[in-house]
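Student: If you scroll down you'll find the structure; I have some questions about it.
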Amino acid sequence: MDFFHAPGACSLGIHVILEEIGVDYRLHVLDLKSGQQRTDTYRSMNPKGTVPAIRLEQGEVLTEFQTIAFWLAESHPEAGLLPEDRLARARVMEALDYIVASVHMRGFTLALVPMKFVSDPAAQEALRAHGLAAATEGLAQLSETMGAHDWLLGEYSIADAALFYLTVWADRLGVELPANIAAFHARMTQRPAVARALNMAATTG
């Protein structure tokens, strides 16, 4: 399996999942700032020009965080990253979609790269502020969901790998984490799989 990743991107969460399940994979690191994701070579494999992406041994390519996370967890049930109960599984996907589609896209994306959407500096700052507010609100909602649990939904799952990349971004932007989410972040960094993914990110990014 080939895994296409960019340092600092949400693909960190997929990297964590790959390390959690212990599958063999070939790591391909893309430099988004230099536009490697827009090259003809990469777009011939992934026309969206995005990360994360994985290419399976038979040549099939999967994109989009939620799809890849689900496929990896579903393909490796022994890792225990998806519950067997159908409602509990739906709750994991519900949380995953909220993290990626709402908190990430409507919050952190605007805060991190407002220049992708507007060119005027004042408008960029306004958009950045809006994104930070949305990210903070989203983290508060996730904090409420987590409550007193160690993990977002009680049992460790692919949703925790997604929440982790948000906490990394929050740290980068100076966004204060709710106390239970901050404790979650510290707990995540103690997991061997997370430590391996972070170490590889440090040596490749």
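The values are calculated or read from the model by the stated rules, or taken from the named source; none is laboratory data. Worth saying up front: this structure is predicted, and the values here are computed from it rather than measured. In this analysis, Cβ positions are derived from the backbone assuming ideal geometry, glycine residues included, and neighbour counts consider all displayed protein chains.
Student: Considering only the range 7-19, I want to know if a residue exists there that is loosely packed, with under 12 Cβ neighbours inside 10 Å, outside the structural domain of E94 (by TED's automatic domain parsing), at pLDDT 95 or above and not aromatic (F, W, Y). It would help to see each step written out before you state the result.
Tutor: Taking the range 7-19 as the starting set, the residues that turn out to be loosely packed, with under 12 Cβ neighbours inside 10 Å are none.
For the range 7-19, residues loosely packed, with under 12 Cβ neighbours inside 10 Å, outside the structural domain of E94 (by TED's automatic domain parsing), at pLDDT 95 or above and not aromatic (F, W, Y): absent.
Student: All but one of (1) touching a helix residue (DSSP H, G or I) at 6+ places or on another chain (Cβ under 9 Å); (2) part of a loop (DSSP other than H, G, I, E, B) hold for S119; which doesn't?
Tutor: S119 satisfies every listed condition except (1).
Student: Looking only at the range 162-190, count how many residues are over 19 Å from A148 (Cα atoms) and either surrounded by fewer than 20 Cβ atoms within 10 Å (Cβ to Cβ) or not assigned by TED's automatic domain parsing to the domain that holds S102 (or both).
Tutor: Selection size over the range 162-190: 6.
Student: Based on this model, can you work out whether V51 counts as modelled with pLDDT of 95 or more, in a helix (DSSP H, G or I) and either surrounded by 17 or more Cβ atoms within 10 Å (Cβ to Cβ) or outside the structural domain of A161 (by TED's automatic domain parsing) (or both)? Outline the logic, then answer.
Tutor: Numbers: modelled with pLDDT of 95 or more: yes; in a helix (DSSP H, G or I): no; either surrounded by 17 or more Cβ atoms within 10 Å (Cβ to Cβ) or outside the structural domain of A161 (by TED's automatic domain parsing) (or both): yes.
Judged against the criteria, V51 is not a match.
Student: Residue check: is L152 surrounded by 20 or more Cβ atoms within 10 Å (Cβ to Cβ), in a loop (DSSP other than H, G, I, E, B) and under 16 Å from the mean Cα position of the chain (by Cα)?
Tutor: Working: surrounded by 20 or more Cβ atoms within 10 Å (Cβ to Cβ): yes; in a loop (DSSP other than H, G, I, E, B): yes; under 16 Å from the mean Cα position of the chain (by Cα): yes.
Taking the combined requirement at face value, the residue satisfies it.
Student: Moving on. Any idea which of (1) part of a helix (DSSP H, G or I); (2) touching a Leu at 6+ places or on another chain (Cβ under 8 Å) is the one M105 doesn't satisfy?
Tutor: Result: M105 passes all but (2).
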